[in-house]
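The values are calculated or read from the model by the stated rules, or taken from the named source; none is laboratory data. What you are looking at is a predicted structure, and each value in this text was computed from that prediction instead of being measured. In this analysis, Cβ positions are derived from the backbone assuming ideal geometry, glycine residues included, and neighbour counts consider all displayed protein chains.
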Amino acid sequence: MKKLLFCLCMAFAIWGCTKPEEAPSKFDFSGPRDASLIRGFNYTPAGVAEPRHHIDTWVKYDSTVVEFDLDLAKSLNLNQVRVFLPYAVYTEDKDALPGKLRHFIKACHERNIGVMPVVGSGSWSRDTTKRDQAREWVKFLVDSISSEPGLAMWDAMNEPDYPRLTDQRFESAIYMAQLFHEYDKKTPVTIGWATVDGMIKGADYVDVLQFHDYSPTREKIRENINRAKEFATQANKPFFNGEMGCIARANPYDVTLQEHMDAKVGWYIWELMIVEKGWGTVHGVFYKDGTVRDPSIAAAIMGFFRNRSTNVVSSIPDKEGWITRTSDRANKWLADPQASWEDGLDIAETEANLLEAGELTPMVVPPTQQIATLRAGSEDRAALKELLKKFTKQLDPYKVPQTPRR
């Protein structure tokens, strides 16, 4: 009995002296926390609308939508999110905001996604007498979420150098960074500079360097990556690209992603969701229902890229005579006033599938979408005739002579 009591006492003594395992420092960017491993996205829910899109992300916060969207991000192995927090959210939704922020960060953390809030600017950017608002805002955020393990970094201001850097905006960005350093000693601070020049100018005031890049050529993308990488090495600080990918700036997602992955540079795409009443016309991967506009973007995020070398194997979509036979069927249907509506739809759908599968047509409005619209509506033979004529004309150049079958 005495021996048992002695063993129990020793066990409790050892247990009591054992320190709980400490969480790794957020300033440790080695190993799995290396900034080059960041695969991030900027986030705005698909259903909010400009000009209040960033504000209503929080004021109209929908946890069900957020969790659905985060599952989409997880499906692409994304591991960081950059999300905007305008000061107006604080003035409109102060009481409810901490709970919303904590839900968001916990939901991200459960999916192994780190969170980088972009705090943005306020009236203090133009009027320094209002800097007390900035201090109050920063303290509120630090008090609300700094203890969350899913909080990865603070982004003190977005693009103070866009469209150009003024002394006033530079000073405001630095002031915000200093406030976060003052109130939160455990979380790294960055500033989302629009350019590498801005990143270099503000380097002394942040823990992590950040630049944005929407360059229209591979050469320019590489030039900016190399400049940022060389400076980061000299400064001995981690760095990443916080925004990239825009079809309207000749900055295709697959091109810029490939360049950053090849260079082993961390990145955040703009943006995860296709925001219909926002940047959705030129940015985004997913619609709100989880479908995509361009599968090549999702493939590129996963590390799969189009072959653009000289060893591309050219496709021959008429190799088995499907284009020739389907075009003939289309012409016969067009010449027959009594031809069946359903037969015409089937022929048109077959042509649409040949066009899309062979990459023989622009996909701004997919041919199969046009067929689906016709099928869902009432019979419209005039519209179907126009589609068959258009599809057949697109397919005809790809006909090849057919070898008679034995």
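Structure summary
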quantity: Residue that is out of contact with any helix residue (DSSP H, G or I) (no Cβ under 9 Å at 6 or more places or on another chain) and small (Gly, Ala, Ser), where the choices are Ala235, Ala250, Ala203; calculated: Ala250
quantity: In segment 279-309, the residues that are among the small types (Gly, Ala, Ser), touching a strand residue (DSSP E or B) at 6+ places or on another chain (Cβ under 9 Å) and assigned to a loop (DSSP other than H, G, I, E, B); calculated: Gly284
quantity: Odd one out for Lys220 among (1) in a helix (DSSP H, G or I); (2) closer than 22 Å to Asp143 by Cα; calculated: (2)
quantity: Scope segment 239-262; condition surrounded by 22 or more Cβ atoms within 10 Å (Cβ to Cβ) and assigned to a loop (DSSP other than H, G, I, E, B); matching residues; calculated: Met244, Gly245
quantity: Test result for Asn353, surrounded by fewer than 18 Cβ atoms within 10 Å (Cβ to Cβ), within 35 Å of the chain's Cα centre (by Cα) and farther than 15 Å from Phe391 by Cα; calculated: no
quantity: Set Met157, Met199, Met176: member being closer than 23 Å to Gln80 by Cβ, out of contact with any Cys (no Cβ under 6 Å at 6 or more places or on another chain), assigned to a strand (DSSP E or B) and assigned by TED's automatic domain parsing to the domain that holds Ala248; calculated: Met157
quantity: Residues within segment 24-81 that are of a type in the set (Val, Ile, Thr) and in contact with a Ser or Thr (Cβ under 7 Å, 6 or more places away or on another chain), tallied; calculated: 3
quantity: Scope segment 189-221; condition of a type outside the set (Phe, Trp, Tyr) and in contact with a Lys or Arg (Cβ under 6 Å, 6 or more places away or on another chain); matching residues; calculated: Val196, Leu209
quantity: Flag if Gly192 is at positive phi, crowded, with 22+ Cβ neighbours inside 10 Å, touching a residue at least 24 places away in the same chain (Cβ under 8 Å) and assigned by TED's automatic domain parsing to the domain that holds Gly114; calculated: no
quantity: Helices (runs of 4 or more DSSP H) contained entirely in segment 52-104, each with at least 2 residues that are within 22 Å of Gly114 (Cβ to Cβ); calculated: 53-59, 63-75
quantity: Matching residues in segment 263-278 - criterion: being surrounded by 15 or more Cβ atoms within 10 Å (Cβ to Cβ), outside any loop (DSSP other than H, G, I, E, B) and more than 12 Å from the chain's Cα centre (by Cα); calculated: Gly266
quantity: Number of positions in segment 237-282 that are under 22 Å from His53 (Cα atoms) and of a type in the set (S, T, N, Q); calculated: 1
quantity: Unique residue being surrounded by 15 or more Cβ atoms within 10 Å (Cβ to Cβ), free of Cβ contacts under 8 Å to residues at least 12 places away in the same chain and not assigned by TED's automatic domain parsing to the domain that holds Val282 when the list is Lys385, Lys390; calculated: Lys390
quantity: Segment 325-367, subset outside any helix (DSSP H, G or I) and of a type in the set (S, T, N, Q), residue farthest from Val400 (Cα to Cα); calculated: Gln338
quantity: Given (1) under 27 Å from Pro295 (Cα atoms); (2) among the basic types (Lys, Arg); (3) modelled with pLDDT under 95, index of the condition Lys3 fails; calculated: (1)
quantity: Residue among Pro45, Pro86, Pro98, Pro32 that alone is at pLDDT below 95 and either closer than 29 Å to Cys246 by Cβ or of a type outside the set (Val, Ile, Thr) (or both); calculated: Pro32
quantity: Residue within segment 207-215 that is under 28 Å from Val265 (Cα atoms), in a helix (DSSP H, G or I) and either out of contact with any His (no Cβ under 8 Å at 6 or more places or on another chain) or without any contact (Cβ under 8 Å) to a residue 60 or more places away in the chain (or both) present; calculated: no
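To keep it simple, each residue is scored yes or no on (1) under 30 Å from Lys229 (Cα atoms); (2) assigned by TED's automatic domain parsing to the domain that holds Phe84; (3) in contact with a His (Cβ under 9 Å, 6 or more places away or on another chain).
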site: Val275; (1), (2), (3): no, yes, yes
site: Val282; (1), (2), (3): yes, yes, no
site: Ala330; (1), (2), (3): no, no, no
site: Trp333; (1), (2), (3): no, no, no
site: Leu345; (1), (2), (3): no, no, no
site: Ala348; (1), (2), (3): no, no, no
site: Glu356; (1), (2), (3): no, no, no
